[in-house]
Amino acid sequence: MEKTDGKSYQKFGMVIDLDKCTGCGSCMVACMSENNISFRPDETDKLRSISWMRVYKLSNQKPFPQTDLCYLPMPCMHCEGADSGHSPCISVCPVTATDYDKSTGIVSQIYTRCFGCRYCMVACPYQARYFNWWDPVWPKGMEKMLNPDVSPRMRGVVEKCSFCYHRLQSARDKAHLQGRPEIPEQSYQTACAQACPAGAITFGDLKNANHSISSLVKPDFNQGGKSKNPKVFRLLEKLDTKPSLYYSSSKQWVRDMSDNKLREEKPQPTITMQNSRERRN
Amino acid sequence: MKIGRRGFLSLGLGASAGLTLSPLPWKLLDDLSIWTQNWPWVPIPKDGKETYQQSVCTLCPGGCGITVRKIDERVVAVAGREDFPINQGRLCPLGLSGPQLLYTPVRVMSPMLKVDKGYRQISWERAMSLLTSKLRDLRADGQPEKLACLADSDQGTTPGLLKRFLTAFGSPNFFQTVSADDAWEVLTEKLSGAQFIPGYDLEETDYVMSLGCGLVEGWGSPLRTMRAHSLWKERGTQLVQIESRLSGTSAAADRWIAVKPGTEADLALGICRVLVENGIENSQPFREILRSRYATEQVAKKTGVSPSIIESLADDFKHAKRPLALCGGGQGRSPVASREFIAATVLNILAGNIDQPGGVYRNKKYDYLKWPQTELDTRARNGLKQGRLNASPEDLFQTIADSQTSPIEMLLVSGVNPCYSCLDTENVIQAVQKIPFVVSFSSYWDETAVNADLVLPNHSHLERYQDVAVYGGLTEPKMGLSVPVSRQLFDTSYTGDVVLGAAKTLGGTISNSFPWKNYETCLKSTLSGQWQALLKQGFISLPQPGRTPDKGSLRLRLPKIDAKEIQLEGNIKEYPLILISKSSMRLSSGAAGSPPFMIKAVEDTVLKKNMGLVDIHPQTAGKMGLGEDETALLTTPRGAAEVMIHLDEGTMPGMVVISQGLGHTAYGAYLADKGVNFNQLMGPVKDPLTGQNTAWGINAKLSKV
Amino acid sequence: MSDPLSPINPKPKKSRTYSLVLIFLLSGGFFFLFGWVAFPELLYHSRIQPIDFNHKIHAKIADSGCESCHFFRSDGSFSGIPGIAHCKTCHRKIVKQGKNEAVFINDFIKKEVEIPWHVYSKQPDSVFFSHVAHVKTARLECDTCHGDIGQSTVPKKYEVNILTGYSRDIWGRNLFKPAFLGKEKWESMKMDDCADCHHEKGHEATSAQTQKEACFVCHK
């Protein structure tokens, strides 16, 4: 917390087991509830709808009945970027509204500093950032359920998943009070990981051997955090964004979809992403 | 002194220099930027003392335990309760949206009386006097049987009080939405002579053959089933999904067998035949029936599944250590067709898993109410002698719709929303409007409340005590106790208290039948032995007397094995497509309308602006000249609606799939007028054996608009 | 004939320059004073606290000093200014005769209304401040950041910045007076003030960009 000299730096990450994921959307709703996400009567325009955690649907596009689908929950990837902190969004922000915390590996977003140029939204390869086109309007009475640990945003600022950083702040408060330096794994869990009915989301410190995520992911930090587990992958690895978010799937076609392939590497499957922030055919 | 142009400039420069050397411009700039960030209409949630309170969610029959986070006295979040067996700290989108259902402005905030233009707020005194005077009149006319009640179930104290009231009053017309559990009891009674509700040991099975069950779409007790599915993935338990479309469960399965719709039972019986032929013992007559009607070639033709696959499925089932067959399509809440039940049960009998780990447990409904006999006077006896008007709510509404004057004078509606969730919805709404006096106990302005004459709002789910029995395929049925975690926000009242108040006012035997001061007293005394345990852990297990693990044998009356299949409404020439529904955890099709958080989670291939989309195979759409996002008219024998097309390879050619849970007309701007209500396009089809509604689809057509 | 374009009675250059400089200096001086004296008067409005709370008397009775009423809850959060529930533990009825107490009992305790204190140290919603980290772990005394409020007999003067809505104590006293000239920590509590103290204490620069601590340490 004060002098850490890099040794006790943590790297918080998440692994989502796509075999277990049922596409139920609990992670989305838990996130909305926890983070005071605004909502409007019409949320069908997904380019305008704010949803820090969003579940996409992948299809292998094979004809019936060889068709297969896979749900893909995508929050912010909390990219480390090349050179520890050069995440795509951080590199382009003109006002340092977004920053990389080397001690936790979390990419922060400060709403009061952001002035809404949306350059970061352009830069993010995962489309994980959302813009407040309008001021939030809560139906009368519903403002009572707002979480005081998270600041509601006004129009004109960009927001994104924060790995429920406020929960780490609360967990640290407790640790300070009890005089214990270390925060147990269960004391800091994101809302989505906590709610997932299938237990598909595992959150924790990738650098801590005691956290379940490190044994699930087995990240090789000499290779930019790439997983040693063949079933585990990250999206768009080639971009070297070094995301902290991993996925695990036993389906080869899903793993193949995680990155673009050069012609000589493998035949390019045509993919469709539903819940369209991005439609590619 | 004359100040010329230069003088003016000098003045200006001096001013600038002076100001610059003062804090004014710097402070003003910074303060202005802060001012622009403090618009008064962006709320700043007030901080305070954080507490957690435990309760049980009552929004669906799943019965999950919840932990409610409060700041000072405000409910701020709902999460799953860690130490609760059903969900173990996890929760579904509906449960998580609980606070929205507490604070929504769509709540009925006081008793409301229908007047010429809309509704007028009245006091509880006035509401109760109006209610009791109408009840008194009905009794005085000697027609107590003209009082009817529609409740969500017959289990629990609130439906119990309503049913008891009707009995003491003299009306046999207590109806409940027929659930899968009710259907089980009828089926098992008819086929095996003893009533039971199946409990499935999902946790211990190593091979699951699912006849179209939406296991990851909210089947049985949704959280429990999803957790079991995750266990299967960890342990390598095989899941075979027999379903006509690529649902989430089909995708999650190790094998997806795409059968023609409605032929799941045929495939299962075909597999039984192979098993029986290959030596799994059973009776000669049984073998004969299977051989004659379910030979592999016949089944292959009927289902569209190749003989080799049928053989391989039988082989896998035979070699599994603890195979288990499940039936109950979709979320498994509505009655199952007898054929499917027979097919699944025969498979389970052949697997030898009845009352065994990894198999089917025969659970019994446990009546914990144990109240004294209801007192009856002559009027009541005469009324009860008339017998219940119809077997099911659907039949009741049909009868009312068909009659000149409604045979029911007064209808009480509790915990259900028939004007949305009953099939052939338009017809049902008309029937409800025919009834002279309709009372709704809904906490929200739902479709039934806006058609009611008097709305007596119950406390919302986070504001009340409620006992909830959870069967839903659990190995060990439970009863959970929901407790008030929020103070009562509005002028609402326990439905139980309305019943007790009315009973007291009516006096005589009716009043005698209700010896409790108020609802909470009634609840506490009913659960007295278990009260402390319920408060502490939130649930108790419901005793299952007489269940011996090694009993394990079940005999079915087999001649019924060729129970006819459900014929879909609509002739094929006019309606060449088959319309079915799909359920999703992101939309509530039950009594609670989907809160804004859930609607936000709905994909834009299900809802686009206000239009509901239907899934259809590209070939089928192509034949009709329909493309992606085009508008079309979907017509069934029961209704028609405009929809948008979504091309989906996972849908079988010749089928149309529509989402459940949309098409509301009430509940305010965040839910109303979005999409199409599947129930409106559907009509009930009676099961030939049980007489319950087991319609799984309807024939339909799509035309360009 | 005289040249019609030549100026009539042109002022000598030197005196024109002097008058210009004079105007410059006068206007400069006026606006300089305006900025330093009149502007704060205009910007800051005084507000009176609802109760003339006497800290000194209460501090004498309190067993645990400041922490008797301003304490840490078991989850590490800070209770802040006590609500009337806390005051009620002693002030259910009049304890000591006094006009203030009468107002307090009649207007607030009896009516169950929370006292609408004007909070000197209120920070914007975007700020996350952990009292426990500063008091328990860093062992800072309360008066380091709040001043010697514990010994006050009447509430400190509260002035609100009418543009931002925040107290003058946040940023408005002794502006531009550097620390080495005797500026107290409690006279200013904006982001840079917090950052300076953190820097003094040798906090690790965990931000990838700013050579300071990461943003989420103090923001939410």
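Numbers below:
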item: Rg ratio (alpha-carbon, reference 2.2 N^0.38 Å) - the range C:118-217; result: 1.15
item: Sorted largest first, extent of the range B:50-103 alpha carbons per principal axis (Å); result: 29, 22, 13
item: Among A:M77, A:M145, A:M14: highest mean-square fluctuation, GNM of chain A, C-alpha pairs under 10 Å; result: A:M145
item: Mean ellipticity per residue at 222 nm, deg cm²/dmol - from DSSP H runs of n ≥ 4 across the protein assembly as shown, formula -39500 (n - 2.57); result: -8000 deg cm²/dmol
item: Angle between chain B longest axis and helix B:307-319 axis [Cα atoms, degrees, rounded to 10]; result: 90 degrees
item: 10 Å binning of all Cα-Cα separations within chain C, expressed as whole percents from 0 upward; result: 6, 22, 27, 18, 10, 6, 5, 3, 2, 1, 0
item: For the range A:1-74, alpha-carbon Rg relative to the globular expectation (2.2 N^0.38 Å, N residues); result: 1.58
item: Charge dipole (chain B, unit charges on Cβ, about Cα centre) - positive-most of B:I510, B:F317, B:C149; result: B:I510
item: Shape of the range A:12-274, Cα gyration tensor, a/c cut at 1.5; result: rounded
item: At 0.890 mPa s and 25 °C, Stokes diffusion of chain B via Kirkwood alpha-carbon radius, µm² per second; result: 89 µm²/s
item: Lysine pairs in the range B:76-215 with Cα atoms under 24 Å, if 8 or more residues apart or on separate chains; result: 6
item: Cα gyration tensor category, rounded, prolate or oblate, for the protein assembly as shown with a/c compared to 1.5; result: prolate
item: Cα long-axis angle, helix B:222-235 against chain B (0 to 90 degrees, to the nearest 10); result: 70 degrees
item: B:D673 versus B:D141: modelled label distance in nm, points set 7 Å from Cα along the beta carbon direction; result: 3.8 nm
item: Rounded FRET efficiency, nearest 0.05, which uses the C-beta distance separating B:E574 from B:W26 and R0 of 51 Å; result: 0.05
item: For B:F84, residues with placed amide H under 5 Å, excluding near neighbours; result: B:G89
item: Estimated distance in nm for a label pair at B:Q619 and B:R293, the labels positioned 7 Å out from Cα along Cα-to-Cβ; result: 3.0 nm
item: 12 Å tail of the calculated P(r), the range B:182-221, as % of Cα pairs; result: 69 percent
item: Rel. contact order, % - alpha carbon contacts under 8 angstrom, at least six apart, chain B; result: 16 percent
item: Cα gyration tensor shape of the range B:205-265, rounded if a/c is under 1.5, else prolate or oblate by comparing a/b with b/c; result: prolate
item: Stretch gain in nm, segment B:Q53-B:K117, where the contour uses 0.36 nm per residue and the Cα spacing is subtracted; result: 18.9 nm
item: Extension gain from C:D75 to C:R16, taking 0.36 nm per residue of separation minus the Cα-Cα distance; result: 13.9 nm
item: Efficiency of FRET from Cβ geometry, A:E264 and A:E182, R₀ 51 Å, rounded to 0.05; result: 0.60
item: Amide proton proximity set for B:Q692, modelled H, under 5 Å, gap of 5+; result: B:D687
item: FRET efficiency estimate (nearest 0.05) - Cβ-Cβ, B:Q488 to B:S133, R0 25 angstrom; result: 0.40
item: Label-point gap, in nm, between B:K46 and A:N229 - each point 7 angstrom along Cα→Cβ; result: 4.6 nm
item: Relative contact order (percent, whole number), the range B:577-704, Cα cutoff 8 Å, 6+ residue spacing; result: 34 percent
item: Share of alpha-carbon pairs per 10 Å distance bin for the range B:202-358, given as whole %; result: 12, 44, 36, 9, 0
item: Above-threshold pairs, the threshold being 18 Å between Cα atoms, out of A:K160/B:K600; C:K60/C:K110; A:K226/B:K233; result: C:K60/C:K110; A:K226/B:K233
item: Relative contact order for the range A:1-108, counting Cα pairs under 8 Å that sit 6 or more residues apart, in percent; result: 27 percent
item: Euclidean distance between Cα centres, the range A:1-79 to the range B:61-110, Å; result: 21 Å
item: Centroid-to-centroid separation of the range B:453-513 and the range B:376-418 [C-alpha atoms, Å]; result: 22 Å
item: Length added when fully stretched, A:R48-A:Q66, from 0.36 nm per residue minus Cα-Cα; result: 3.1 nm
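All of the numbers you see were taken from the coordinates with simple rules; none came from a lab. What you see is a predicted model, and the numbers here were worked out from it, not measured in a lab. Note that we place each Cβ from the backbone using ideal geometry, even for glycine, and neighbour counts take in every protein chain shown.
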